[in-house]
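Below is one structure, written out as structure tokens; the observations come after it.
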Amino acid sequence: MSIEDRTHQTVYAVITELFAEGKTSIRVGDVADVLRARNAPIPVWQLRALFTDLESQGAISCNAETSEWQLTENSPLQDAG
């Protein structure tokens, strides 16, 4: 597994954790805060690019008016819940 794949998995895991905790939407900074607290920071610009990749895969979507992200119906967490 490449470093890029591992980074995508880590970011998506944090996103799903935040939603599993009851959040209905998140911002890129929410994920940055969690990663920083775990001593595994990723620059916000890189996180934003990863969010765009996840959006293109259909896992998350962005509300353009609020800049908040939600899980989509295609998200594995949505299927479980």
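The values are calculated or read from the model by the stated rules, or taken from the named source; none is laboratory data. The model shown is predicted, which means the values in this text are computed figures rather than measured ones. As a convention, Cβ positions derive from the backbone with ideal geometry for all residues, glycine included, and neighbour counts pool all protein chains shown. The area values use the complete protein model at the heavy-atom level, side chains included, leaving out ligands, DNA and RNA. Shrake-Rupley method; radii C 1.70, N 1.55, O 1.52, S 1.80 Å.
Key figures
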read-out	value
Hits in region 35-58 (condition: in a helix (DSSP H, G or I) and open to solvent by 30 Å² or more (accessible area, probe 1.4 Å))	Arg36, Ala37, Val44, Trp45, Gln46, Arg48, Ala49, Thr52, Asp53, Glu55, Ser56
Residue in region 59-79 that is modelled with the lowest pLDDT, counting only those that are open to solvent by 30 Å² or more (accessible area, probe 1.4 Å) and under 14 Å from Phe19 (Cα atoms)	Asp79
Complete set of residues in region 15-42 that are in contact with a helix residue (DSSP H, G or I) (Cβ under 8 Å, 6 or more places away or on another chain), free of Cβ contacts under 8 Å to residues at least 24 places away in the same chain and over 13 Å from Trp69 (Cα atoms)	Glu17, Ala32, Val34, Pro41
Hits in region 1-29 - residues which are open to solvent by less than 50 Å² (accessible area, probe 1.4 Å) and either of a type in the set (Lys, Arg) or closer than 14 Å to Ile42 by Cβ (or both)	Thr7, His8, Val11, Tyr12, Ala13, Val14, Ile15, Val28, Gly29
